[in-house]
Protein chains: 2
Amino acid sequence: MYFPSWLSQLYRGLSRPIRRTTQPIWGSLYRSLLQSSQRRIPEFSSFVVRTNTCGELRSSHLGQEVTLCGWIQYRRQNTFLVLRDFDGLVQVIIPQDESAASVKKILCEAPVESVVQVSGTVISRPAGQENPKMPTGEIEIKVKTAELLNACKKLPFEIKNFVKKTEALRLQYRYLDLRSFQMQYNLRLRSQMVMKMREYLCNLHGFVDIETPTLFKRTPGGAKEFLVPSREPGKFYSLPQSPQQFKQLLMVGGLDRYFQVARCYRDEGSRPDRQPEFTQIDIEMSFVDQTGIQSLIEGLLQYSWPNDKDPVVVPFPTMTFAEVLATYGTDKPDTRFGMKIIDISDVFRNTEIGFLQDALSKPHGTVKAICIPEGAKYLKRKDIESIRNFAADHFNQCSLLGKLRLECADLLETRGVVLRDPTLFSFLWVVDFPLFLPKEENPRELESAHHPFTAPHPSDIHLLYTEPKKARSQHYDLVLNGNEIGGGSIRIHNAELQRYILATLLKEDVKMLSHLLQALDYGAPPHGGIALGLDRLICLVTGSPSIRDVIAFPKSFRGHDLMSNTPDSVPPEELKPYHIRVSKPTDSKAERAH
Amino acid sequence: MYFPSWLSQLYRGLSRPIRRTTQPIWGSLYRSLLQSSQRRIPEFSSFVVRTNTCGELRSSHLGQEVTLCGWIQYRRQNTFLVLRDFDGLVQVIIPQDESAASVKKILCEAPVESVVQVSGTVISRPAGQENPKMPTGEIEIKVKTAELLNACKKLPFEIKNFVKKTEALRLQYRYLDLRSFQMQYNLRLRSQMVMKMREYLCNLHGFVDIETPTLFKRTPGGAKEFLVPSREPGKFYSLPQSPQQFKQLLMVGGLDRYFQVARCYRDEGSRPDRQPEFTQIDIEMSFVDQTGIQSLIEGLLQYSWPNDKDPVVVPFPTMTFAEVLATYGTDKPDTRFGMKIIDISDVFRNTEIGFLQDALSKPHGTVKAICIPEGAKYLKRKDIESIRNFAADHFNQCSLLGKLRLECADLLETRGVVLRDPTLFSFLWVVDFPLFLPKEENPRELESAHHPFTAPHPSDIHLLYTEPKKARSQHYDLVLNGNEIGGGSIRIHNAELQRYILATLLKEDVKMLSHLLQALDYGAPPHGGIALGLDRLICLVTGSPSIRDVIAFPKSFRGHDLMSNTPDSVPPEELKPYHIRVSKPTDSKAERAH
């Protein structure tokens, strides 16, 4: 039961100097500073009553008078207790002599998880009682004074890693769950990684951090946007899904390089592992092409990657949309393992096997295979049966082979084969997406594959006027271990082209976007950008089962805050200034009955 | 007509190393890097087609082949043009020889504010034609190739500093207004200052940057909170005015030191120089007292203060609420100048002047004066008259003397006396505020002077049970040049005390805050914090007339986005999923008529 010495690992290299280097120069400076002043950077004990954190004490502190503040993790036989803060654990000896009776009383009577402040001397543990598994295991604190800062009532669950809690309970008492090692690690890693991204963007490459509004106009077809009633009757703001329009307008405004750690909103109702509000690293640049954005992001991830993980190798491989579909059966393949899809049509061109002949005789008919290495050795009869059933269940879905590949990987792993190394981070760029897709409701009409501001591939511009369906775009996705963690595009900067695509090809009402079209008319530079999904990225980096584990106060999958009971009802008089009334579902049923 | 060489000034010292020092060590490294590689840090031209920015070119670049991208600022007689980017201006010579006819055509025909890319050689300007007022005034570009990246249509106004525009026009075409020197400077300074704040908090002092939700529960009495309808009938989220509850819960969760550049929301209807969404530097710490927070903030402002301003001197002076009221007649005094309020009651104790006698005979009756230095020399008869009228208009308002002091300062300044030096930044802490105020609607009941989580002054806890009106709080305000730029407090960490204040003294419904009260029961550490109003602070630092000048896309004072016409109406079918209906004012009148 101890905290690993993770914090120094996490913060090491934090203060890398302002130049690109693989050598962590500040690491050595930091160590030399440490030797001379016995102070760490960051200074976790500045401005407060404690002199040190619990977790930082070592043999080098022997003989020092220290003041510590923390939570009582546990106590044994009224002889010692373990004190915990965010930095780790330290053993505190409860004094037994008469003269220290009041100190003893405080430390023996305070319930577990009470907050105490103790002052005393750092001493060696008696020979043979050192704990090599505990970073502070060579020392203990001989207490002189103690103060109970706050007593703790009986907890709804124990704050121990090995105690399993339901997620609902964790969310209801989130402030207790946050005391766990894993949540402390996840939130601090997130903060560190974002800080390094900011250093890279702002200090190394001249990006400007600009805040854009979240009370905005609804976008055409923005059915997933939360509404915010205004005090003007019938007028609403919308909470935008991304700062897309603003970032483009900033480029028109000559800001040149924009970034923002942007809060975004999407109302998708109940969906597992989605959040109604989420965060993206939002980037836009002028005078850039696709390879420029790709290099920027590769450098960004390399620079900000946590020091306790293997370094990121750049450049990332790139595949076209057509290639990933053919090779992996999905546009976000997990490239940590092989088992690629292989076209074996030619082998069977002269086959007499009926169902293969049938397949090959159809237009675009092919026969494809996935080779499972040593599959015969690892997979059992019932595994084969389950693969067969899976294929039957998903028959005629073009993503079948991609899903089958993952299904086979799952089966192999349950049989003990390590296919997807959790310490491996396999990045992939996917490029050359189609610009348009047939509309689901009406396949003869087109809709944007991503969004209507995406520029067409330079070689395919002529297709816009002849066969727009075949035009590729300058959109790119960044995929990590089978998850889309980012996407962006070079944008249209020509007002005429943008109008043609919006009005003629997409048949959108351009009036709602007139400000953007007008902006393109007034000297818009060529520009492009990208957005990284921060929650998902941190989730993958920390190996967390859910994005809720990398967000301090997440909503449940139904969009509820279980701690405070949110959303909640509002008294009618508070709705009045916004000129809205609640229409209960029964009302509308009654209306229909009319 | 030129850009000052402001950018290097702004970015200088940006990359201060991770230790506290007054010596800008990186400045010298940066210069040595510059000499060896001719590259600036930040690298403004990484990942893009240009080799340099327009504004960075100097004699040291002579003979270099460069590629520049920018906007045509103006053109003279088809012989040269001035190209502009975010970094400044550079002169480009239009080639006149036949072989370069196509280049000439492009550069002569593109309208002003069109975007062009040019490649050529940096050459000296002919002797006598250097422009010492222009940072790039020693050189010009001899162009070889040019490309028109985007033509500009006729503009609604000229992008020149001296061209006066109405604010409505500036907001309607915000993307053009952003090209002005002032907006570029303001937004870049804001980004820089926030970046340095992050370095100080995160890298130097171990704060964790944690994002808290903006879709939350409405707070008791939170009448200024925007509502967000959810898909559950009659249930709403609220957009909170600050992350107050979350930051306290993070301390209960053991996060120890939290900060966030937090988006906050306040629906105040139409108020000049307020915004419905605004940004605060939000901070909370465990095991800290008032002086700890004060030192932290003094260090924060000193560290992040722009290099083109005089350094901030710390510590800031501190006055009690009672002192500032007595001395300046306001709780946010402008301490750049004297003219303090002096109690001269004793002088008139034996006076026979009737109205003074009257005043002194009343309970707490005093006679107070403001001495205007050399007033007799500067103020004219009509000034005295206007002071007299002002006093009469504001008679019986206890803030009269404070207002009168500012009125006199205005008058003196119109007469040419410099009282409030615009380059001077005068900080002041105001402490020992009252904990409660009498309720406006019912003066026999109490309401919190700030918020109900504010801890009482340690010396006044007993008063809570006897004379709560007299209890002082541990709230503190930070005042800069007469503006409140921050406020915070040590919080209540004892659940019993918090319940007593909420339920017994304030008579609030504690059910809505049960999660917070419960959290205090489970080992909440002593904690406190502060929030700085970022928009106001940047407004003062840049000397801008309005906070709208330091926000990229502000709302008008009526809460409108004039560029996109926000807020806007929403088709009824998009309201349905949220179970709300618009009740037009006429409807409710009709209802009343019923």
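The values are calculated or read from the model by the stated rules, or taken from the named source; none is laboratory data. Here the structure is a predicted model, which is why all the values come from computation and not from measurement. Quick reminder, even Gly has a Cβ in these numbers, built from the backbone with ideal geometry, and neighbours come from all protein chains shown. Just so you know, the surface numbers come from the protein's heavy atoms only, side chains and all, with ligands and any DNA or RNA stripped out. Shrake-Rupley method; radii C 1.70, N 1.55, O 1.52, S 1.80 Å.
Across segment B:286-399, how many lysine pairs, 8 or more apart or on two chains, come within less than 27 Å at their alpha-carbon atoms?
Count of close lysine pairs: 11.
Give me the dipole magnitude in Debye, nearest 20, for the protein assembly as shown about the Cα centre, with unit charges on the beta carbon: positive for Lys and Arg, negative for Asp and Glu.
200 debye
Using the Cβ atoms and a cut-off under 12 Å, what net charge is assigned to the surroundings of A:E138, where Lys and Arg are +1 and Asp and Glu are -1?
+1
Apply the a/c threshold of 1.5 to the C-alpha gyration tensor of chain A and tell me whether it is rounded, prolate or oblate.
Here chain A falls in the prolate category.
If amide hydrogens are placed 1.01 Å from N in the peptide plane, which non-local residues have theirs closer than 5 Å to the one on B:I580?
So B:I580 has HN proximity to A:S583.
What do you get for chymotrypsin sites (Phe, Trp or Tyr not before Pro) in segment B:96-183 restricted to DSSP loop and a cutoff of at most 12 other Cβ within 10 Å of the site's Cβ?
B:F162
Name the residue from B:P422, A:L534, B:P571 whose Cα lies farthest towards the positive end of the charge dipole of the protein assembly as shown, charges +1 on Cβ of Lys and Arg and -1 on Cβ of Asp and Glu.
B:P422
Counting protein heavy atoms only and a 1.4 angstrom probe, how many square angstrom of accessible surface do chains B and A bury in total, to the nearest 100?
Summed over both sides, the interface buries about 12800 Å².
Is any residue of segment B:442-479 close enough, with backbone N under 15 Å, to a label point placed 7 angstrom from the Cα of B:L517 along the Cα-Cβ axis, and if so, which?
Within reach of a label on B:L517: B:452-453.
What lysines sit close enough to B:K104 to cross-link, taking a C-alpha to C-alpha distance under 24 Å and skipping anything fewer than 8 places away on the same chain?
B:K142, B:K144, B:K153, B:K154
Find how many whole Å separate the alpha carbon centroid of segment B:210-281 from the alpha carbon centroid of segment B:382-404.
Cα centroid of segment B:382-404 versus Cα centroid of segment B:210-281: 39 Å apart.
Determine the shielding of peptide B:232-242 by partner chains: average, over its residues, the number of Cβ atoms on other chains within 10 angstrom of each Cβ. List each step's numbers first, then the result.
Numbers: counts 6, 8, 10, 9, 10, 12, 5, 6, 0, 0, 0.
Partner Cβ neighbours, averaged per residue: 6.
With a cut-off of 8 Å between alpha carbons and a minimum separation of six or more residues, what is the relative contact order of chain A in percent?
12 percent
Per residue, how much accessible area does the protein assembly as shown have with a 1.4 Å probe, in Å²?
For the protein assembly as shown, the per-residue accessible area is 43 Å².
Rounded to the nearest Å, what's the spacing between the alpha carbon centres of segment B:539-565 and segment B:413-486? Just the number, please.
After rounding, the separation between the Cα centres reads 28 Å.
Go through segment A:294-391 and name the GluC sites (Glu not before Pro) that are in a DSSP coil and have 10 or fewer other Cβ atoms within 10 Å of their Cβ. If you can, show how the numbers build up before the last one.
Values: sites: A:E298, A:E323, A:E352, A:E374, A:E385; in loops: A:E352, A:E374.
Passing both the DSSP loop test and the Cβ count: A:E352, A:E374.
Loop-only trypsin sites (Lys or Arg not before Pro) in segment B:260-346, please: DSSP not H, G, I, E or B, and at most 14 other Cβ atoms within 10 Å.
Sites meeting the loop and neighbour criteria: B:K309.
Please report the antiparallel percentage of the DSSP beta bridges confined to the protein assembly as shown, to the nearest 5.
90 percent
Which net charge results for the neighbourhood of B:A326, defined as the other residues with beta-carbon distances under 14 angstrom from its beta-carbon, given Lys and Arg at +1 and Asp and Glu at -1?
Charge balance near B:A326 sits at -1.
Treating the point 7 Å from Cα along Cα-beta-carbon as the label, what are the nm separations from B:R58 to the other copies, to one decimal?
4.4
Provide the net charge surrounding B:E574, with neighbours chosen by a C-beta distance below 10 Å and charges set as Lys +1, Arg +1, Asp -1, Glu -1. Display every interim value, and only then the final one.
On the way: positive: A:R218, B:K576; negative: A:E225, B:E573.
Neighbour charge sum, excluding B:E574 itself: 0.
Classify segment B:145-233 as rounded, prolate or oblate, taking a ≥ b ≥ c as the square roots of the eigenvalues of its Cα gyration tensor: rounded when a/c is under 1.5, otherwise prolate if a/b is larger than b/c and oblate if not.
Taking the square roots of the gyration eigenvalues as a ≥ b ≥ c, segment B:145-233 is oblate.
Run the reach check for B:K160 against lysines, Cα to Cα strictly under 20 Å, same-chain hits fewer than 8 apart removed. What comes back?
Within the straight-line limit of under 20 Å, B:K160 reaches these lysines: B:K133.
Please tell me the relative contact order of segment B:99-179 in percent, rounded to the nearest whole number, where contacts are Cα pairs under 8 Å and at least six residues apart.
In percent, rounded to a whole number, it is 33.
Which of rounded, prolate, oblate describes segment A:438-589, given a ≥ b ≥ c as roots of the alpha-carbon gyration tensor eigenvalues and a/c under 1.5 marking rounded, otherwise prolate only if a/b is larger than b/c?
oblate
Taking all protein chains together and a probe of 1.4 Å, list A:T145, B:T414, B:T53 from the most accessible to the least accessible.
Per-residue accessible area, sorted high to low, gives B:T414, A:T145, B:T53.
Could you pull out every whole DSSP H run in chain A that spans at least 20 Å of Cα extent along its own axis and averages 0.0 or higher on the Kyte-Doolittle scale?
Working: long enough: A:181-198 (25 Å, -0.63); A:290-304 (21 Å, 0.13); A:400-414 (21 Å, 0.47).
Those that pass (Cα extent of 20 Å or more, hydropathy at least 0.0) are A:290-304, A:400-414.
Which cross-chain or sequence-distant (5 or more) residues have an amide H under 5 Å from the amide H of A:I139, H modelled 1.01 Å from N in plane?
Answer set, sorted by chain and number: A:R125.
Which whole-number percent is the relative contact order of segment A:246-309 (Cα, under 8 Å, 6+ apart)?
31 percent
Shortest first and in nm to one decimal, what separations exist between A:R558 and its copies in the other chains, measuring from label points 7 Å along the Cα-to-beta-carbon line?
4.2
With charges set only on the Cβ (+1 for Lys and Arg, -1 for Asp and Glu), what does the dipole of chain B come to about its Cα centre, in debye to the nearest 20? Each step should come with its number before you reach the end.
Numbers: 75 positive and 68 negative charges, 246 e Å.
I would put it at about 1180 debye.
Given a 1.4 angstrom probe, I'd like the percentage of the accessible area of the protein assembly as shown that is carbon and sulfur, rounded to a whole number.
Answer for the protein assembly as shown is 53 percent, counting heavy atoms of protein chains only.
Inter-copy label distances at B:H462, 7 Å along the Cα→beta-carbon direction, one decimal in nm, shortest first?
Its label point is 9.4 nm from the equivalent points in the other copies.
So which residues of segment B:109-123 lose at least 10 Å² of accessible area, probe 1.4 Å, when you go from the chain by itself to every protein chain present?
B:V115
Can you give me the Kirkwood hydrodynamic radius for the protein assembly as shown, using every pair of distinct Cα atoms, in Å to one decimal?
33.7 Å
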